[in-house]
1. For region 311-322, what are the residues that are within 17 Å of Arg354 (Cα to Cα) and open to solvent by 90 Å² or more (accessible area, probe 1.4 Å)?
2. When you go through Ser278, Ser267 one by one, which is the residue that is closer than 23 Å to Ser409 by Cβ, surrounded by 14 or more Cβ atoms within 10 Å (Cβ to Cβ), touching a residue at least 60 places away in the same chain (Cβ under 8 Å) and of a type in the set (Ser, Thr, Tyr)?
3. Every residue in region 248-263 that is under 13 Å from Gly386 (Cβ atoms) and open to solvent by less than 10 Å² (accessible area, probe 1.4 Å), please.
4. Could you tell me how many of the residues in region 436-454 are over 27 Å from Val123 (Cα atoms) and in contact with an Asp or Glu (Cβ under 7 Å, 6 or more places away or on another chain)?
5. I'd like the full set of residues that are surrounded by 14 or more Cβ atoms within 10 Å (Cβ to Cβ) and touching a helix residue (DSSP H, G or I) at 6+ places or on another chain (Cβ under 8 Å), limited to region 298-310.
6. Which residue pairs have Cβ atoms closer than 6 Å, lie 6 or more positions apart in sequence or on different chains, and pair a first residue in region 437-452 that is under 10 Å from Ala147 (Cα atoms) with a second residue that is among the polar types (S, T, N, Q)?
7. For region 406-430, give me each residue that is free of Cβ contacts under 8 Å to residues at least 24 places away in the same chain and within 19 Å of Asp440 (Cα to Cα).
8. Of the residues Gly207, Gly214, which single one is small (Gly, Ala, Ser), within 7 Å of the ligand (Cβ to nearest atom), farther than 23 Å from Asn181 by Cβ and not assigned by TED's automatic domain parsing to the domain that holds Glu327?
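The values are calculated or read from the model by the stated rules, or taken from the named source; none is laboratory data. These numbers were taken from a predicted model, which means no experiment stands behind them. Counting neighbours? That spans all protein chains shown, and the Cβs are built from the backbone with ideal geometry, glycine included. Protein only, heavy atoms only, side chains kept; ligands, DNA and RNA dropped before computing areas. Shrake-Rupley method; radii C 1.70, N 1.55, O 1.52, S 1.80 Å.
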Amino acid sequence: MSTYTVINPATATPVKEIELADLATADATIQKANKAFESWRLVNPGDRAKLLRNFARVVDEHIEELAQLEVLNSGHTIGNARWEAGNVRDCLNYYSAAPERLFGRQIPVPNGIDITFKEPLGVIGIIVPWNFPMPIAGWGFAPALAAGNTVVLKPAELTPLTAIRLGELALIAGIPEGVFNVIPGKGSVVGERFVTNPLVRKIVFTGSTTVGKGIMRGCADQVKRLTLELGGKSANVIFADADIEKAAAGAPGAVFDNAGQDCCARSRILVQRSVLDSFLEKFEVAVKKFRVESPELETAEMGPLISAGQLARVREYVPEGSEIAFEGTKPSGDGYWMAPTVLLAKSTSDRTYREEIFGPVVSVLPFDDEADAIRLANDSEYGLSGSIWSRDIGRAVRVSRAVEAGNLSVNSNSSVRYWTPFGGYKQSGLGRELGPDALDAFTETKNVFFDTNS
Ligand code: NAD
């Protein structure tokens, strides 16, 4: 068995050595989850609901511990990490209301009765990236378990600690052995095995578009069910009639939160030309005030990048001597730090403007009118998120209907709530997580006709 040493990205120091599962362990864990499915699917809905509420309660009792662990492992600011642990609790509570409400339908037919059932799928393989280890795991496992499936969860190599702890907390909460399994391992070994092992009936993958496409190709072999949450290059569209002060004050958080390692990062700012200078002036003040500091500090708004490799990848987009408009600050010393960086796009074909950088880099581009703004916002292979700022309600409605993205916010940058759907258009993904319909992604609809003449 190989191991991986978890590194604290704020200090570049080792935290803990983790064993990585090999193929045999992956298969044994999948087998165990498949065995547990036989009884978990039959747990009466009220009891399954109670167990999930218990799990939520135990997570709630460990919010601070989980948050501190995430700060250590991922360099997330303590404020964000508390929210992330709380989000797992909230997802569990929300979907704990599902088991007794997984209704089928009764459809009128001649000579009998027709009923549909929402049946669980079996073992669900959840593959999680390193940027939001807790919430992304919870968005998969909470509805999956509620619908009567069992789960095998593979955290990202870089960030396994909170997932491992959540696995332990599930057992403390009384979730039966084998129902919720966490196996740290390499994507190329454990993740791949989820795709090829026929006992895994569905994959929930969140990560890069390139890896997601490979998984989609692999799933075709068994027509395996699949949800994909992939990359993004979201637009923050600011019209001249907007509250420019508010839009500028919110723009750093919209892209530099989690050091820009956020699939929803508004990393393209489109500003109506007549207010470009006024916006940039206010945005510069906000960027320079944005607190990039040790993530343990309560005041921190941004921490380090996740790894030396990620820092090098992001820096490669803005090498020494690049033309930048302005930048924020960063602490000196060890750790994978980068200052928030603002670029003025020269053209829509700039690499920095088109590609998902997944770091604290944003490009600003002016537009002329509403049609131009919509055209620019949609000129991307991605379509995950975005913001629209305008005081004209008609325009806000028109533009939010026209932008091809799954999660938009108007006069706000907030796009994630556990009770509303989340997911991407185009190459940002396939399917939706969260909200009232997520259960559909973890069930098969079975139709049964009962002949009443016999
Ligand atoms: P990644 O694709 O490198 O890895 C994601 C996960 O997939 C990891 O657990 C990894 O071990 C695993 N993996 C890697 N190769 C695999 C393979 N061949 N088969 C199966 N599993 C494999 O992505 P990352 O660098 O960890 O995360 C960053 C990416 O995730 C960004 O592109 C970001 O936009 C995206 N993301 C999307 C969302 C969303 O909801 N749309 C949310 C967060 C992150």
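1. Arg313, Arg315, Glu316
2. Answer to the check: Ser267.
3. The answer is Ala251, Val255.
4. So the answer is 1.
5. Ala300, Glu301, Met302, Gly303, Pro304, Leu305, Ile306
6. Hits for this filter: Ala441/Thr227; Phe442/Asn149.
7. Those that are free of Cβ contacts under 8 Å to residues at least 24 places away in the same chain and within 19 Å of Asp440 (Cα to Cα): Arg417, Thr420, Pro421.
8. On inspection, the qualifying residue turns out to be Gly214.
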